[in-house]
Amino acid sequence: MSLVLAAIFLSEFYLAQSTNTTAPQRPNIIILFADNLGYTDLSSLGGPSGRTPNIDSLGKDGITFRHWNSAAHLCSASRATLLTGKYAVRTGVYPRVFANDAAFGLSPFEVNIANYLKQEGYATSLVGKWHLGHRAPYLPTKQGFDEWLGIPYHMSGGSLDHHICSYDGDESWWLPLYENGNIVQQPVRVEELAKRYAMRASSFIETHVAQEKPFFLYLAFSHVHQLCAPKAGNEQESCQWHGGNNGKNATFGDAVKEMDWIAGEVLQALDASGAANDTLVLFTSDNGPWLAEQSCSGSRGPWEGRWLADNVDQTCTACPHDHVPDPTQNRPRRCRLSETKPGVFQASAYVDGVHCGQDVGLGSVWEANLRMPAFARFPGMIQPNTETKAVVSTLDVFPTLLSILNLSLPPGLDGVDISPVLFGREDEYNHSRVLYFWRDGFSEGPLPAPFGRMDVAAVKIGHLKAWFWTKSAHYNDDPEVYHDPPLLFNIEDDPAEAYPLNPDDYQEFVFSVIKLVKHHKKTIEWTAPLALEKDPSFRPCADPNNHCRTSEREEGESVAKVE
């Protein structure tokens with residue numbers, strides 16, 4: 001049997017398998033999902049000592065994944081892959097994220113973790129960031145969640161009282177806080193947000209443990225995504241947020257610590273309820289750091305993407321969000337706010353970017369945006385203080401949970417059951433499974449500029465990674481480069497992706513991976529790009545007569561209903 005057919009056969013075989021490990025009949029499930037957190041931003045994985053004791057405890061009491069992969073290059077798509085177990089091109093969550101004026105969201109007809117578990121009698125709750133559509137048909141409460149408290153998209157999606165976005169011309173694009181289908185605070189008070197998240201998640205646990213009802217809690221942190229570029233002030237000094245100092249002027253480290261504090265409150269509530277031994281807790285991140293944001297974002301760690309840095313034009317500059325290159329002779333990396341006209345001096349409008357070859361995090365498929373921090377804890381089921389180098393993916397969460405619950409898998413999933421890895425039977429896992437990494441940002445294709453098309457840029461089989469198209473993150477000026485034969489790296493021996501392997505030494509692998517990509521693309525039944533269509537009238541607005549602002553809602557007071 002050829003390597004191509006073997007890989008396809010093994011992927012389908014393992015997809016259909018279920019674990020024989022005896023778990024509680026209906027264990028509780030908690031997914032803790034960070035926003036743009038780098039692998040080495042956690043203390044136990046190389047970050048500053050003492051920064052994340054609560055999240056790190058999950059690895060001490062469970063398993064640490066050394067090769068967990070994000071399944072998509074951007075936030076909305078990554079969240080869709082977590083919930084559905086499918087590549088985002090199958091669900092239409094592409095090419096960009098859902099903006100604050102997006103027309104659509106994740107289709108409520110998609111089978112996802114929440115609606116599947118709800119049918120099985122689980123109480124379901126989302127606390128935190130959704131980012132899969134904020135209009136009424138696409139809200140979490142229409143997608144299987146009994147309740148939701150959180151923001152509809154990323155933290156840079158709207159203004160705050162002390163932080164007006166550069167793009168918010170009439171100062172009405174306030175970042176809202178939702179409860180179920182209602183806007184309860186606009187703009188959200190970020191100094192209260194962490195406490196709100198912790199209290200809601202803890203209360204949900206306590207309530208359903210007392211009712212002896214199994215629960216699924218999806219805690220999607222708003223941390224550590226940076227705020228929008230402000231109209232006034234230094235972008236690099238006002239991009240992060242936390243509960244202190246009225247939410248202002250936090251460092252990236254402050255945001256990480258606050259995220260860890262929320263996790264600690266939730267884990268403490270779980271312990272106090274007596275349900276810890278009956279609960280699977282998973283922590284990971286949607287994507288890696290937005291490296292062009294520099295001090296506003298996390299670390300790329302050893303995943304440098306060095307080949308790109310060595311092969312991209314040195315004049316190419318990657319700018320922070322909401323900025324565009326505007327170089328001068330004395331300041332070649334200068335970037336200006338995109339809302340500021342060239343030649344009009346405004347000191348706060350200018351920051352320095354980075355070389356495009358260093359922008360290999362969020363928005364790309366270089367390792368800094370693929371290799372996610374990940375832990376799982378399940379007392380009595382997962383051996384404490386263990387780790388694995390098995391190549392797994394966010395795609396695998398849905399099928400793995402269903403396998404643990406001995407439930408049948410819906411058809412068409414791309415993820416596989418990784419319970420053998422979780423439960424100490426790694427020899428049963430298919431280490432030859434194939435992961436495909438899609439992205440947009442191409443110069444040609446049916447989508448409008450700068451998206452071009454969605455295409456498979458890279459593939460992983462085990463620790464070998466094959467690049468078909470190389471490019472830096474997002475829509476920087478470096479052109480995409482096609483590689484024939486594919487550019488090969490052993491990412492276990494060369495995590496920096498600095499030293500390409502000689503394709504002549506891997507001829508069978510190269511031949512096979514080309515065939516696998518062709519086969520994979522043929523399986524895609526293209527869904528319309530749901531994230532493209534926008535309309536300003538779709539921006540969340542609690543009170544149009546008050547510039548879309550609202551005060552804190554008192555109990556019993558009317559709220560703004562989402563239409």
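No value in this document is a laboratory result; all are computed from the given coordinates. Since the model is a prediction, treat every value here as computed from it, not as a measurement. Ideal geometry is used to build each Cβ from the backbone, glycine not excepted, and the neighbour counts take in all protein chains shown.
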message: At a threshold of 8 angstrom on Cα-Cα distance, excluding pairs fewer than six apart, so keeping six or more, what relative contact order does the range 311-410 reach in percent?
response: 18
statement: From DSSP H assignment alone, runs of 4+ in the chain each adding -39500 (n - 2.57), the sum over residues rounded to the nearest 500 puts [θ] at 222 nm at -6500 deg cm²/dmol
query: Any idea what the dipole of the range 126-245 comes to, in debye rounded to 20, about its Cα centre with Lys/Arg Cβ at +1 and Asp/Glu Cβ at -1?
result: 300
- request: Kindly point out, ordered by number, any Cys in the chain whose beta-carbon has no other cysteine beta-carbon under 4.7 Å away.
  value: 75
query: Which listed residue (323, 112, 172) has the Cα farthest towards the positive end of the charge dipole for the chain, taking +1 on Lys and Arg C-beta and -1 on Asp and Glu C-beta about the Cα centre?
result: 112
- request: Would you mind calculating the gained length between residue 443 and residue 383 on full extension (0.36 nm times residue separation, minus the Cα-Cα distance), in nm to one decimal?
  value: 16.8 nm
- prompt: Hey, got the dipole for the chain? About the Cα centre, +1 on K and R Cβ, -1 on D and E Cβ, debye to the nearest 20?
  reply: 480
statement: Rounded to whole Å, √(5λ) for the Cα gyration tensor eigenvalues of the chain, largest first, gives 33, 31, 22
message: For the chain, give me the percentage of DSSP beta bridges that are antiparallel, rounded to the nearest 5 percent.
response: 60
query: Under the Karplus relation 6.51 cos²θ - 1.76 cosθ + 1.60, θ = phi - 60°, what is the ordered set of whole-Hz ³J(HN,Hα) values for the range 227-237, x standing for Gly and Pro?
result: 6, 5, 5, x, 5, 10, x, 7, 4, 6, 9
query: Taking only C-alpha pairs under 8 Å that are 6+ residues apart, what is the relative contact order of the chain in percent?
result: 24
field: Only Lys, Arg (+1) and Asp, Glu (-1) charged, at Cβ; the range 189-279 dipole about Cα centre in debye
entry: 320
message: Past 22 Å, Cα to Cα: identify those pairs from 129/521; 465/515; 86/521; 129/534; 60/118, in the order given.
response: 129/521; 60/118
